[in-house]
Amino acid sequence: MRGTDYVVKRVLFAVGTVFVAITLNFVLFRSLSGDAVSALRCRGCSQEFKEFQRRELGLDKSKWEQYKIYLVDLAHGDMGRSLRTEEPVRSILWEPIKTTVPMVALGTLFAIVFGIATGVVAAWRRGTATDKATLWGGLGFYSMPPQWLGLVIVLFIAGWLGLPTSGVKDPTLGILDDPGVIEVAVDRLEHMVLPALTLGLVVFGEYTLIVRSAMLETLGEDYILTSRAKGLSNWATVWKHGFRNAMLPVITLVALSLGFIIGGAITVEYVFSYPGIGLLIVEAIDQRDYPVLQAAFLLLTLSVILFNLLADLLYFKFDPRVTE
Amino acid sequence: MSPVQPGVSTPEAPPPTPSLAFRALASPVLRNKTAMVAVGVLGFFVFLAVAGPLLIEGDPKAQVGAVFEPPSWEFPLGTDGGGASMVSMLVAGARVSLLIGFAAAAISALIGGTVGIVSGFFGGRTDVALMRVTDYFLVIPDVPLMIVIAALFGRSTWNIIVIIGIIYWTFTARLLRAQTKSVRERVYVQRARALGARNSRLVVRHVLPQVTPLLIANTVLLIAYAIFAETFITFLGLGDPSSISWGRLIENAFTDDAIINNAWWAVIPPGICVMLVVLACTIIGQTLEEALNPRLRTGHLSVRRFRVLPRSVQPEHQKP
């Protein structure tokens, strides 16, 4: 009973947050004089487009009516039109999403695997030089601005690794002959590695510190002592008894750090000219294409809310005591 | 491990006098060697920021050498893409970056402190309403929100300060609420209330002195976040075009093609400065918070900004 209550509560909270985010989005973009999302201040737009926008967004009506129109449009997946290309924003978002998601996923995966490995080893060898190095390394990466780390990687490591530092694919690929599936996949991966590595390293700093302190806490528990007294190997003690319990806080924290990852992705994509959501945001800011900026912001916010909910539910699945 | 029960384990301590409050802040730092080094580093950069105009003559942006001149005796860190001395630019950048860091942290502390104390002290519906709002804002990703607001509302240093300030208050509010709630239940506060003290007096005389050290500790952490956030906003071209900050120096290195010119001296130093200040503030802030609020040790699930400094850094006798 309690469990159901908890799940319902978390879902309702997520729905509430989505609503707050949508409202905030509306208020922010319509509070400017001359209405940022409408095309009225757009110099390059045609007269018909301006008229169309005026009707579409209900700009002659009250703000309240406009808000209702905005909600209804959004419910239908209509996020307005770009002021630059006059295309529907929805179709502009699709390609960058497909580009960003694998890169962010690769970076996060790297951070999780590497963070867990180093964090666990540091906690197990606490007080040693290994531990100190991990601790300071983690703190160092945690303090680095992602865009700066990106520049440093381009400057020192990219040439040495021989990896491309900008774009998402080799422009010469497929001009002379038809490239195979594997060739295309390798090319994509090569372009993804450096931005993902940058993002992964910055986030890794945070993860290794969290895993380490969660592990230190767990390794101090009585059942760890018991498992050692039973004569279990170090491996079994650390991974089966310690790590599984330390994973709980880590799940939450990984989900919660998604906001930070997304923020980092924006500047990292800019550094590497990687045409994902981040670069789309940078271009939208540059060209004052507010409907695109608005939609991209909403998309990022919704994904963070979703992952937070997911973390809450996962946590409950692994540790039902959370409701108490 | 058991969290300290609010109001139970705490003896009837009288509200600390200012000197006691200062000691509460100074002693955990003085006991910790790492924290002392961090104070030194932060102090060095504050000195640069304050004394900057005395240390460098003339306009730091002035072209004094060739474009991307490598480090030499004349220019210890070389010159940037505009031919200005990197050392002068870094010193000038310290001023703006630290101003943004301190001012934005102060705004956050003011908003978060007020919300937290009001929420924790009055409880009931006020508490529920304020915390609901806080929770919503905790989930909305801060960096994209800052970028959007900065893109919409103009590019000046003060705008950036306000934008960062109004976004980072949520964590402070949560922390201060918890602390205020525990102080409110302490015996001497209850006695003062029984003696007829009004709410305003209770807050100002009894709650505020008890929660101020924690608020200061949290503000030190916020400085790190604010300086970090500034580099994000400025890097996307949303900074004040006329002012020099560390974030701007990183942006300049990128837009002026320092990479193609292989000018590592224009890229590395601003990032190192940001790193050092962020590290210093993180270490000082967490050393203070941990000493002041033992419950934080079990509270790493409740906050978004988790603890990155592990517990082994603490003195042995403080371990639970």
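What is the residue count in the range A:205-241 for residues that are of a type outside the set (S, T, N, Q), away from every other protein chain (no Cβ under 12 Å) and in contact with a Phe, Trp or Tyr (Cβ under 8 Å, 6 or more places away or on another chain)?
Residues flagged as of a type outside the set (S, T, N, Q), away from every other protein chain (no Cβ under 12 Å) and in contact with a Phe, Trp or Tyr (Cβ under 8 Å, 6 or more places away or on another chain) within the range A:205-241 amount to 2.
Hey, could you check the range B:256-275 for residues that are within 8 Å of chain A (Cβ to nearest Cβ) and not small (Gly, Ala, Ser) and say which is farthest from the chain's Cα centre (by Cα)?
Ranking the candidates gives B:Asn262 first.
Just checking, which of A:Gly264, A:Gly278 is under 18 Å from A:Ala111 (Cα atoms) and outside any loop (DSSP other than H, G, I, E, B)?
Criteria check complete, one pass: A:Gly264.
For the range B:171-185, does any single residue satisfy the condition of being crowded, with 19+ Cβ neighbours inside 10 Å, hydroxyl-bearing (Ser, Thr, Tyr) and at pLDDT 85 or above?
Yes.
For (1) among the small types (Gly, Ala, Ser); (2) within 30 Å of B:Phe228 (Cα to Cα), each residue gets a yes or a no:
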{"residue": "A:Ser62", "(1), (2)": "yes, no"}
{"residue": "A:Leu71", "(1), (2)": "no, no"}
{"residue": "A:Gly80", "(1), (2)": "yes, no"}
{"residue": "A:Lys98", "(1), (2)": "no, yes"}
{"residue": "A:Ala122", "(1), (2)": "yes, yes"}
{"residue": "A:Arg126", "(1), (2)": "no, yes"}
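Return yes or no: is A:Gly127 within 14 Å of chain B (Cβ to nearest Cβ) and on the phi > 0 side of the Ramachandran plot?
Yes; evaluated as a whole, the condition is true for this residue.
For the range A:110-133, check the following and say yes or no: at least one residue is surrounded by 22 or more Cβ atoms within 10 Å (Cβ to Cβ) and charged (D, E, K, R).
No, there is no match, as no residue in the range A:110-133 is surrounded by 22 or more Cβ atoms within 10 Å (Cβ to Cβ) and charged (D, E, K, R).
Table: residues versus (1) surrounded by 21 or more Cβ atoms within 10 Å (Cβ to Cβ); (2) assigned to a helix (DSSP H, G or I).
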| site | (1), (2) |
| --- | --- |
| A:Pro179 | no, no |
| A:Val184 | no, yes |
| A:Glu217 | yes, yes |
| A:Thr226 | no, yes |
| A:Ala236 | no, yes |
| A:Leu248 | no, yes |
| A:Gly259 | yes, yes |
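Filter the range B:135-159 for residues that are β-branched (Val, Ile, Thr), touching a Leu at 6+ places or on another chain (Cβ under 8 Å) and within 21 Å of B:Ala106 (Cα to Cα) and give the result.
Within the range B:135-159, B:Ile147, B:Ile149, B:Thr157 qualify.
Hey, can you tell me all the residues within the range B:24-68 that are more than 30 Å from B:Pro209 (Cα to Cα), touching a helix residue (DSSP H, G or I) at 6+ places or on another chain (Cβ under 9 Å) and of a type in the set (Val, Ile, Thr)?
B:Ile56, B:Val64
Which condition number in (1) surrounded by fewer than 16 Cβ atoms within 10 Å (Cβ to Cβ); (2) assigned to a helix (DSSP H, G or I) is the one that B:Val91 fails?
Against the list (1) surrounded by fewer than 16 Cβ atoms within 10 Å (Cβ to Cβ); (2) assigned to a helix (DSSP H, G or I), B:Val91 comes up short only on (1).
Scanning the range B:25-39 for residues that are more than 17 Å from A:Trp136 (Cβ to Cβ) and not polar (S, T, N, Q), which turns out surrounded by the most Cβ atoms within 10 Å (Cβ to Cβ)?
B:Pro28
Taking the options A:Gly150, A:Gly107, name whichever one is within 14 Å of chain B (Cβ to nearest Cβ), closer than 30 Å to B:Val277 by Cβ and among the small types (Gly, Ala, Ser).
Testing whether each residue is within 14 Å of chain B (Cβ to nearest Cβ), closer than 30 Å to B:Val277 by Cβ and among the small types (Gly, Ala, Ser) leaves just A:Gly150.
Are any residues in the range A:268-286 free of Cβ contacts under 8 Å to residues at least 24 places away in the same chain and either buried (at least 23 other Cβ atoms within 10 Å of the Cβ) or at the interface with chain B (Cβ under 9 Å from one of its Cβ atoms) (or both), and if so, which ones?
Across the range A:268-286, the qualifying residues are A:Ile281, A:Val282, A:Ala284, A:Ile285, A:Asp286.
Looking only at the range A:287-324, filter to residues that are more than 9 Å from chain B (Cβ to nearest Cβ) and touching a Gly at 6+ places or on another chain (Cβ under 8 Å); which one of those is nearest to A:Asp5 (Cα to Cα)?
A:Thr323
Matching residues to (1) modelled with pLDDT of 80 or more; (2) in contact with a Pro (Cβ under 9 Å, 6 or more places away or on another chain):
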{"residue": "A:Leu155", "(1), (2)": "yes, no"}
{"residue": "A:Pro164", "(1), (2)": "no, no"}
{"residue": "A:Gly167", "(1), (2)": "no, yes"}
{"residue": "A:Asp170", "(1), (2)": "no, yes"}
{"residue": "A:Leu173", "(1), (2)": "no, yes"}
{"residue": "A:Pro179", "(1), (2)": "no, no"}
{"residue": "A:Glu183", "(1), (2)": "no, no"}
{"residue": "A:Val186", "(1), (2)": "yes, no"}
{"residue": "A:Pro195", "(1), (2)": "yes, no"}
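So B:Ala51 ticks every box in (1) at pLDDT 75 or above; (2) in contact with a Leu (Cβ under 8 Å, 6 or more places away or on another chain) but one. Which box is left unticked?
If we test B:Ala51 against (1) at pLDDT 75 or above; (2) in contact with a Leu (Cβ under 8 Å, 6 or more places away or on another chain), just (2) comes out false.
Looking only at the range A:54-79, how many residues end up being modelled with pLDDT under 80 and under 24 Å from the mean Cα position of the chain (by Cα)?
The qualifying residues number 3.
Test of understanding: among B:Ala253, B:Ala280, which residue is within 30 Å of B:Leu25 (Cα to Cα), in contact (Cβ under 8 Å) with a residue 40 or more places away in the chain, at the interface with chain A (Cβ under 10 Å from one of its Cβ atoms) and in a helix (DSSP H, G or I)?
The match here is B:Ala280.
Yes/no per residue for (1) closer than 23 Å to A:Leu106 by Cβ; (2) in contact (Cβ under 8 Å) with a residue 60 or more places away in the chain; (3) among the polar types (S, T, N, Q):
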{"site": "A:Ile251", "(1), (2), (3)": "yes, yes, no"}
{"site": "A:Leu256", "(1), (2), (3)": "yes, no, no"}
{"site": "A:Gly259", "(1), (2), (3)": "yes, no, no"}
{"site": "A:Tyr290", "(1), (2), (3)": "no, yes, no"}
{"site": "A:Thr301", "(1), (2), (3)": "yes, yes, yes"}
{"site": "A:Asp319", "(1), (2), (3)": "no, yes, no"}
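Look through A:Ser46, A:Ser38, A:Ser33 and report the one residue that is within 14 Å of chain B (Cβ to nearest Cβ), modelled with pLDDT under 75, over 26 Å from the mean Cα position of the chain (by Cα) and surrounded by fewer than 16 Cβ atoms within 10 Å (Cβ to Cβ).
A:Ser33
Quick check on the range B:65-74. Is at least one of its residues at pLDDT below 75 and either in a helix (DSSP H, G or I) or in contact with a strand residue (DSSP E or B) (Cβ under 6 Å, 6 or more places away or on another chain) (or both)?
The answer is yes; a qualifying residue exists.
Limited to the range B:102-156, what total is found for residues that are more than 14 Å from every other protein chain (Cβ to nearest Cβ) and basic (Lys, Arg)?
1
The values are calculated or read from the model by the stated rules, or taken from the named source; none is laboratory data. Predicted model, so just to flag it, every value in this text is computed and none were measured. Heads up, the Cβs are rebuilt from the backbone with ideal geometry, glycines too, and the neighbour counts pull from every protein chain shown.
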